[in-house]
1. If Val191 meets every condition in (1) touching a residue at least 60 places away in the same chain (Cβ under 8 Å); (2) under 25 Å from Asp79 (Cβ atoms); (3) surrounded by 19 or more Cβ atoms within 10 Å (Cβ to Cβ) apart from one, which number is that one?
2. Being among the hydroxyl-bearing types (Ser, Thr, Tyr) and modelled with pLDDT under 95 is true for just one of Ser181, Ser210, Ser187. Which residue is that?
3. Name the residue that is modelled with the highest pLDDT, counting only residues in segment 56-80 that are in contact with a helix residue (DSSP H, G or I) (Cβ under 8 Å, 6 or more places away or on another chain) and either open to solvent by less than 40 Å² (accessible area, probe 1.4 Å) or farther than 27 Å from Val196 by Cβ (or both).
4. Given the conditions (1) open to solvent by 30 Å² or more (accessible area, probe 1.4 Å); (2) farther than 17 Å from Val196 by Cβ; (3) not polar (S, T, N, Q), report the number of the one that Asp128 does not fulfil.
5. Suppose we keep only residues that are in contact (Cβ under 8 Å) with a residue 40 or more places away in the chain and within 12 Å of Cys126 (Cβ to Cβ) within segment 147-166. Which one would you say is most open to solvent (accessible area, probe 1.4 Å)?
6. Just the residues that are in contact (Cβ under 8 Å) with a residue 12 or more places away in the chain and either in a loop (DSSP other than H, G, I, E, B) or open to solvent by less than 30 Å² (accessible area, probe 1.4 Å) (or both), please, taken from segment 168-177.
7. Among (1) modelled with pLDDT of 95 or more; (2) more than 23 Å from Thr60 (Cβ to Cβ), there is one condition Leu133 misses while meeting the rest; what is its number?
8. Which of the residues belonging to segment 93-113 are touching a residue at least 40 places away in the same chain (Cβ under 8 Å) and open to solvent by 40 Å² or more (accessible area, probe 1.4 Å)?
Amino acid sequence: MVQTPAKPETETLLLELPKTMKLYVTPEQFTALAECNRELHLERTAKGELIVNPPTGWRTGKRNWSISGELYIWWRNADEPGEAFDSSTAFILPNGATRAPDACWISQESWDALTDEQKGTFANICPDFVVELRSQSDTLKSLQEKMQEYMDNGAKLGWLIDPQNRTVEVYRVGLTVEILSNPAELSGEEVLPGFVLNLRRVWGKGTSQSSDTLAYRLNE
């Protein structure tokens, strides 16, 4: 177990952790670690395992910025419905995991239902809409499991965007995952009415604006 000091004193140590070893922390310890390591993208599984994600490379950072920017523009132009967040924001899901989507949105009704205590450092809620962007270091399986966790904990719509394969997995409540091959844009559907994400900047330069989109259901 990681022991949290009584006072917020810090010491920098280089620790190489074998792949076979895992670190487990309590919610309180996680909060303390996050406060002391703001440069890292930390998460905690429902079982308490600490997940440490290093800073992103410039390609992923640029793609994240584009996605969050488009979400913000929609939110602002739609009279600021609900609350939108970027990849630096973590949430405590109903199953106890602390997760930080690359972009997300929470309806005003869901946000207003939270007490001040539930809105603490990490709000106790699963966003209604979540986006995960695959980086070079991410495995597709781990992100798929993460997306399913969001849906199991109350998300209504989720996008797993994979620039490596130019595919998007669309997660919807009660429906089979839909996989889009090289789509030009994504729709927020009924969850985020009017929101359309242009994927040209995510795929990168050289992407055809008239590229065909193939859709199929996972496990079909």
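1. Only one criterion is unmet by Val191, namely (3).
2. Answer to the selection: Ser210.
3. Per the criteria, the residue is Ile67.
4. (1)
5. Looking at residues that are in contact (Cβ under 8 Å) with a residue 40 or more places away in the chain and within 12 Å of Cys126 (Cβ to Cβ), I get Asp152.
6. Result: Val168, Glu169, Val170, Tyr171, Val173, Thr176, Val177.
7. Result: Leu133 passes all but (2).
8. Listed by number, the residues that qualify are Pro94, Asn95.
The values are calculated or read from the model by the stated rules, or taken from the named source; none is laboratory data. Predicted model, so just to flag it, every value in this text is computed and none were measured. Neighbour counts run over all protein chains shown; Cβ positions are idealised from the backbone, glycine included. Each accessible area value is taken on the protein alone, full model and side chains, heavy atoms only, with ligands, DNA and RNA left out. Shrake-Rupley method; radii C 1.70, N 1.55, O 1.52, S 1.80 Å.
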